[in-house]
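Peer 1: This is the structure I have questions about; it appears just below.
The values are calculated or read from the model by the stated rules, or taken from the named source; none is laboratory data. Since we're looking at a predicted model, the values are computed, not measured. Note: ideal-geometry Cβ built from the backbone for every residue, glycine included; neighbour counts use all protein chains shown.
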């Protein structure tokens, strides 16, 4: 039986995108489920050869107790069980936040300055590795920093069991892992040019709020300038991540 990528999606525009392409190139099958639409999550006790991919979304983990987000609380409980059984999982943005909480961490608004004020980290920016890449298999072959796409307004407070691997200027918790089976990315490596344009259009108010009226055009310009570097570096890191999680599946 071949490996499967189980993509848990929360909003139409944030699908597996380039992660699906990389998984297919590895011969993996892909199944996408939507807990927000009432799709059932599989029983972790009866699931094998599967890497869970928990994707992003505009909702906050801290709002999971609201009536219309009851499905998010159920997903969090499912993810906690998945983690406890040491099944491989990659969390992206909201997915990374869910993973951190499932492992005992917490989420809070991202703030900067003194006195602190809220910050939305949006756009192309650098992350740097907090350890020597040669000392971590997931970072093998990478330089000490790389460009990524940011799109969030919360930050993760990692549980004691997590190992911090990467930070940005404004948000320390960008890349982490828990054991050999769980990896979290606050940043986005999966986004293609086509998806970015859809994000800009559908999340237009968020972009304006974060970057000002010229924010959408600035995002497009930066993507055009750095697309090759963004894509090459993301592909390298994502393949490293698949290598790591494939061993845990």
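Peer 1: Only residues that are surrounded by fewer than 18 Cβ atoms within 10 Å (Cβ to Cβ) and touching a strand residue (DSSP E or B) at 6+ places or on another chain (Cβ under 6 Å): list them for the stretch 214-231, please.
Peer 2: 222, 226, 229
Peer 1: Select from the stretch 232-248 the residues that are surrounded by 15 or more Cβ atoms within 10 Å (Cβ to Cβ) and out of contact with any helix residue (DSSP H, G or I) (no Cβ under 8 Å at 6 or more places or on another chain) and write down the one among them that is nearest to residue 25 (Cα to Cα).
Peer 2: 236
Peer 1: Residues being touching a helix residue (DSSP H, G or I) at 6+ places or on another chain (Cβ under 8 Å), buried (at least 18 other Cβ atoms within 10 Å of the Cβ) and in a strand (DSSP E or B): count how many of those fall in the stretch 122-144.
Peer 2: 3
Peer 1: OK, next. Can you confirm whether residue 101 is under 14 Å from residue 186 (Cα atoms) and assigned to a helix (DSSP H, G or I)?
Peer 2: It is true that residue 101 is under 14 Å from residue 186 (Cα atoms) and assigned to a helix (DSSP H, G or I).
Peer 1: Is there a residue being out of contact with any helix residue (DSSP H, G or I) (no Cβ under 8 Å at 6 or more places or on another chain), more than 24 Å from residue 11 (Cα to Cα) and buried (at least 17 other Cβ atoms within 10 Å of the Cβ) anywhere in the stretch 75-91?
Peer 2: Scanning the stretch 75-91 turns up no residue that is out of contact with any helix residue (DSSP H, G or I) (no Cβ under 8 Å at 6 or more places or on another chain), more than 24 Å from residue 11 (Cα to Cα) and buried (at least 17 other Cβ atoms within 10 Å of the Cβ).
Peer 1: Residue by residue through the stretch 159-198, note down the ones that are farther than 20 Å from residue 244 by Cβ and crowded, with 18+ Cβ neighbours inside 10 Å. Walk me through it before giving the result.
Peer 2: Looking only at the stretch 159-198, we keep the residues that are farther than 20 Å from residue 244 by Cβ, and these are 160, 168-172, 191-198.
168, 171, 191, 196, listed by residue number.
Peer 1: If we scan the stretch 123-134, do we find a residue that is out of contact with any strand residue (DSSP E or B) (no Cβ under 7 Å at 6 or more places or on another chain), more than 20 Å from residue 187 (Cβ to Cβ) and in contact (Cβ under 8 Å) with a residue 40 or more places away in the chain?
Peer 2: So far as the stretch 123-134 goes, no, none of its residues is out of contact with any strand residue (DSSP E or B) (no Cβ under 7 Å at 6 or more places or on another chain), more than 20 Å from residue 187 (Cβ to Cβ) and in contact (Cβ under 8 Å) with a residue 40 or more places away in the chain.
Peer 1: Looking for something modelled with pLDDT of 95 or more and not in a helix (DSSP H, G or I) - is there at least one such residue anywhere in the stretch 67-84?
Peer 2: Within the stretch 67-84 (the criterion being modelled with pLDDT of 95 or more and not in a helix (DSSP H, G or I)), the answer is no, since none of the residues qualifies.
Peer 1: Within the stretch 199-213, can you find the residues that are surrounded by fewer than 16 Cβ atoms within 10 Å (Cβ to Cβ) and either touching a helix residue (DSSP H, G or I) at 6+ places or on another chain (Cβ under 9 Å) or under 19 Å from residue 94 (Cβ atoms) (or both)? Full working, then the answer.
Peer 2: To start, the set of residues in the stretch 199-213 that are surrounded by fewer than 16 Cβ atoms within 10 Å (Cβ to Cβ) comprises 201-202, 204-205, 208-209, 212-213.
201, 202, 204, 205, 208, 209, 212, listed by residue number.
Peer 1: Among the listed residues 51, 30, identify the single one that is touching a strand residue (DSSP E or B) at 6+ places or on another chain (Cβ under 9 Å), more than 23 Å from residue 203 (Cβ to Cβ) and surrounded by fewer than 17 Cβ atoms within 10 Å (Cβ to Cβ).
Peer 2: Working: 51 fails: surrounded by fewer than 17 Cβ atoms within 10 Å (Cβ to Cβ).
On inspection, the qualifying residue turns out to be 30.
Peer 1: From the list 139, 110, exactly one residue is touching a residue at least 24 places away in the same chain (Cβ under 8 Å) and closer than 30 Å to residue 216 by Cβ. Which is it? Before you say what the answer is, go through the steps one by one.
Peer 2: Details: 139 fails: closer than 30 Å to residue 216 by Cβ.
Result: 110 is the single residue among 139, 110 that is touching a residue at least 24 places away in the same chain (Cβ under 8 Å) and closer than 30 Å to residue 216 by Cβ.
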